[in-house]
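These notes concern the structure reproduced below.
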Amino acid sequence: MIKHVTTKELPADQRPYDKCILYGPETLTGRELLAAILQTGSAGLNSLETADLILQACEKKGGLCGLYRMTIRELTQLPGIGEKKAARLLCIGELSRRMAASQAPKTRKFLSPADIADFYMERLRQQDKECVWCLMLDTKNGFIGERMISMGTVNASLLSPREIFHTALAQGAVSIALVHNHPSGDPTPSREDLSITKKIREAGELLGITLLDHIVIGDGCYYSIEERA
């Protein structure tokens with residue numbers, strides 16, 4: 001019978017948490033980073049073996065970035081993952097996404113619908129609910145900020161023009177772009193999408209803030225309402 005080896009029984013330079021302390025986090029593999037975050041496994045599985053199961057589940061959603069798209073329910077179905085560990089993993093994933101997003105756009109220009117779609121594609125393409133984001137830009141279409149305006153149900157979202165322009169005015173935006181996803185994967189805008197785009201464009205004209213575009217994200221594709229107008 002093969003004896004189960006716990007993480008604590010491994011040599012210090014093979015225990016992810018200790019390896020991080022000894023040599024720095026940059027020396028850890030993706031598997032080891034997950035294991036260090038988990039710290040413990042479960043009966044029959046150590047933290048490294050539990051990390052393997054998480055990576056296998058992520059692979060079905062496009063690789064390590066698939067962690068962004070996993071839910072608490074999906075994670076807790078894996079052996080050794082309870083709600084607390086699942087929440088910790090999702091918080092780490094969201095924090096890393098926000099850190100990356102906060103660095104890249106500072107000097108980024110959004111000069112075309114493709115630029116906007118590319119920025120939001122991986123974040124939104126596999127969301128199971130409609131999420132509406134407002135991208136705020138300066139006079140040269142440079143990034144000022146962004147904000148999630150609403151998160152709706154599977155096939156509908158609630159947009160408040162008042163909230164959109166309150167945010168844009170507070171940030172000193174000259175123009176904005178709206179971006180939302182269709183969980184079905186088909187980016188074709190609904191009648192409601194077209195109607196709200198018209199209302200927001202008209203409201204923006206009164207306030208001196210231009211609605212550059214409304215981009216609908218599908219599964220690996222997008223629809224620019226402005227481009228197709």
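Quick one: order 210, 76 from most to least accessible surface, probe 1.4 Å.
Highest to lowest solvent-accessible surface, that is 210, 76.
Using the Cβ atoms and a cut-off under 14 Å, what net charge is assigned to the surroundings of residue 15, where Lys and Arg are +1 and Asp and Glu are -1?
It works out to a net charge of -2.
Give the angle, between 0 and 90 degrees and rounded to the nearest 10, that separates the Cα long axis of helix 191-207 from the longest principal axis of the Cα atoms of the chain.
Roughly 70 degrees between the two axes.
Calculate how many DSSP beta bridges within the chain are antiparallel, expressed in % of all such bridges and rounded to the nearest 5.
In the chain, DSSP labels about 70 percent of beta bridges as antiparallel.
Run the paramagnetic zone check for residue 60: 7 angstrom along Cα to Cβ, then residues of region 67-95 with backbone nitrogen under 12 Å.
70-71, 74-79
With each label point set 7 Å from Cα along the Cα-Cβ vector, what nm distance links residue 109 and residue 72?
It is 4.4 nm.
Checking the cross-link filter: which lysines have an alpha carbon closer than 18 Å to that of residue 140, excluding same-chain neighbours under 8 positions apart?
106, 109
Under the 0.36 nm per residue contour assumption, what length would be gained going from the current alpha-carbon distance of residue 140 and residue 219 to full extension?
Computed gain between residue 140 and residue 219 is 25.5 nm.
For residue 8, list the aspartates and glutamates whose Cα falls under 17 Å from its own Cα; do not include residues on the same chain fewer than 8 positions away.
The reachable aspartates and glutamates, counting only those whose Cα sits under 17 Å from residue 8, are 18, 32, 49.
For residue 14 paired with residue 192, estimate the spin-label separation in nm (one decimal), with each label point 7 Å from Cα along the Cα-to-Cβ line.
Result for the modelled spin labels: 5.6 nm.
What is the gain in length, in nm to one decimal, between residue 128 and residue 166 on full extension, counting 0.36 nm per residue of separation less the C-alpha to C-alpha distance?
Additional length available on full extension: 10.9 nm.
Applying 1/(1 + (r/R0)^6) with R0 = 25 Å to the Cβ-Cβ distance of residue 27 and residue 84, what FRET efficiency is obtained, to the nearest 0.05?
0.40
By per-residue mean of other Cβ atoms within 10 Å, what is the highest-first order of 87-94, 115-122, 63-70?
115-122, 63-70, 87-94
Return the FRET efficiency for the residue pair residue 206, residue 94: r is the Cβ-Cβ distance, R0 is 45 Å, and the value is rounded to the nearest 0.05.
Given R0 = 45 Å and the Cβ-Cβ separation, E is 0.80.
Just the number, please: percent antiparallel of the DSSP beta bridges in region 110-229, rounded to the nearest 5.
70 percent
The values are calculated or read from the model by the stated rules, or taken from the named source; none is laboratory data. These numbers come from a predicted model, not from an experiment. In this analysis, Cβ positions are derived from the backbone assuming ideal geometry, glycine residues included, and neighbour counts consider all displayed protein chains. Calculation scope for accessible area: heavy atoms of the full protein, side chains included, ligands and nucleic acids excluded. Shrake-Rupley method; radii C 1.70, N 1.55, O 1.52, S 1.80 Å.
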